[in-house]
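The values are calculated or read from the model by the stated rules, or taken from the named source; none is laboratory data. Predicted model, so just to flag it, every value in this text is computed and none were measured. Don't worry about glycine lacking a Cβ; one is built from the backbone with ideal geometry, like all the others, and counts go over all protein chains shown.
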Amino acid sequence: MGGHGSGSAYRILMKVLESCTGQTLAPGRLWRIEMSLGPIMQRHGIADLDTLVAELVRAENRRLLDATIGAMLNNETFFYRERSLFDDIGGPALDHLRAVKESQRRLTIWHCGVSTGQEAYSMAMLLAEQGEKWAGWQVDIVGTDVSSQAIARARVGLYSQFEIQRGLPIKQMVRWFDQTEGGWLAKADLRRRVHFSVQNMLTDRPPLSEPADLIFCRNLLLYFAPPMRREAFRKLRALAPPHSLLVLGAGETVIGQTEDFVASTRFRGFYEPASTDARCSAAA
Ligand SMILES: C[S@@+](CC[C@H](N)C(=O)[O-])C[C@H]1O[C@@H](n2cnc3c(N)ncnc32)[C@H](O)[C@@H]1O
C-alpha cells in the first residue's frame, strides 16, 4: 500500500483538518499526512489517499473521519515540558492564586490541548508534592483535547519507556507510576487527581464547573491561522477571571495576536486577561 495521493487529496485533507480543529499544516509538513495516515489506510484496506478522501466524502463514516483527523494532529508532548515554567508555576504563580482563592479554597486548572495527558499529570504531581499547602482545598485539574484518541490515552495514563523518561525524574516515575507489561501506568492516586474530556476549544464549552484560575494552552495556537487564533484567545478570555493566569508555549505570544490577554508584568512568562478598559483603548 503506497498511500500516495494527488494534490487535490492533500488539499481536501488539509481543509478537513482545518475545518474540524482549526489546525493548519504548513506545506513543508505535508509529508506528515502521508506518514501518519498510512496505518489507518492499512487497517481499513484503503489503497491510497485519493481513495481515503473518496471514502470520507462518500460515506458518513464518523469513525474513519475521527481517526483521520486524530492521525493528522500533532500530539507532541512530554512531562514537565519547559521545566523552568513549572518551577515558576510552583512558586510565585501558585502563591498568587492561593492568596486570591483563600476564602473559597477552590482552584481550577484547565489544560486546553492536553494531548496524551503528560502536562496535566505533571501539574497534579507538582501540587501533590506541595503537600500540606493545599490541605482542605478542592483542586480541579481538567485536561481537554479535540483528539478522542489522545484523550483515551490520557485517561488510561499508560506511557512507554520512551515517553515516561521524557522529562520525568526517576524519583517521580517510581512514586507515581507502576511498571506493567504494557509500559508505565499512572497510579490510581495520580489518575484520580485529573479529569480528561474531548473538547474542541473553538466550538465546545470545556467541562469546567467554574472559571479557570490557571489555563495552559501550549503549543496548539501556533498552528491556527491568525483569525482562528484570535477567536481562540476570545474563547479562553471568556473563561478567565481577572485574577487568572494563562500559560502559552515557549514559541507563542499574545503580542500582535489578540487584545484579550497581556503579558503579565508580575509573573514572568505568564499572561493575564486584559482589563476591559485596555481592550477598549486597543480597539479604538
Ligand atoms: C502539540 S500538542 C501540545 C500538547 C501540550 N499542550 C504540550 O504543550 O505539551 C497540541 C494539542 O492540541 C490539540 N488541538 C489541536 N486543535 C485543537 C482544538 N481546536 N481544540 C482542542 N485541542 C486541539 C491537538 O490534538 C494536540 O493534542
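Being at positive phi and touching a strand residue (DSSP E or B) at 6+ places or on another chain (Cβ under 8 Å) is a condition met by no residue of region 199-215. Residues that are at pLDDT 90 or above, surrounded by 16 or more Cβ atoms within 10 Å (Cβ to Cβ) and not in a helix (DSSP H, G or I) do occur in region 47-62, at least one of them. Looking only at residues of region 200-209 that are in contact (Cβ under 8 Å) with a residue 60 or more places away in the chain and of a type outside the set (A, V, I, L, M), we find that the one that is nearest to the ligand (Cβ to nearest atom) is N200. Within region 210-229, residues that are assigned by TED's automatic domain parsing to the domain that holds K15 have Cβ atoms under 7 Å from residues that are more than 13 Å from the ligand (Cβ to nearest atom) in no pair, counting only partners at least 6 apart in sequence or on another chain.
Here is a yes/no grid of residues against (1) assigned to a loop (DSSP other than H, G, I, E, B); (2) closer than 15 Å to Q23 by Cα; (3) out of contact with any Leu (no Cβ under 9 Å at 6 or more places or on another chain):
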site: S197; (1), (2), (3): no, no, yes
site: N200; (1), (2), (3): yes, yes, yes
site: T203; (1), (2), (3): yes, yes, yes
site: I215; (1), (2), (3): no, no, no
site: R230; (1), (2), (3): no, yes, yes
site: F233; (1), (2), (3): no, yes, no
site: G251; (1), (2), (3): yes, no, no
site: V254; (1), (2), (3): yes, no, no
site: Q257; (1), (2), (3): yes, no, no
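Name the one entry in D66, D48, D95, D87 that is touching a residue at least 40 places away in the same chain (Cβ under 8 Å) and under 30 Å from Q165 (Cα atoms). Steps first, answer last, please.
Details: D48 fails: under 30 Å from Q165 (Cα atoms); D95 fails: touching a residue at least 40 places away in the same chain (Cβ under 8 Å); D87 fails: touching a residue at least 40 places away in the same chain (Cβ under 8 Å).
Going through D66, D48, D95, D87 in turn, just one is touching a residue at least 40 places away in the same chain (Cβ under 8 Å) and under 30 Å from Q165 (Cα atoms): D66.
For region 101-133, give me each residue that is part of a helix (DSSP H, G or I) and either touching a Cys at 6+ places or on another chain (Cβ under 8 Å) or modelled with pLDDT under 95 (or both). If the condition is that a residue be part of a helix (DSSP H, G or I) and either touching a Cys at 6+ places or on another chain (Cβ under 8 Å) or modelled with pLDDT under 95 (or both), then G131, E132, K133 are the ones that fit.
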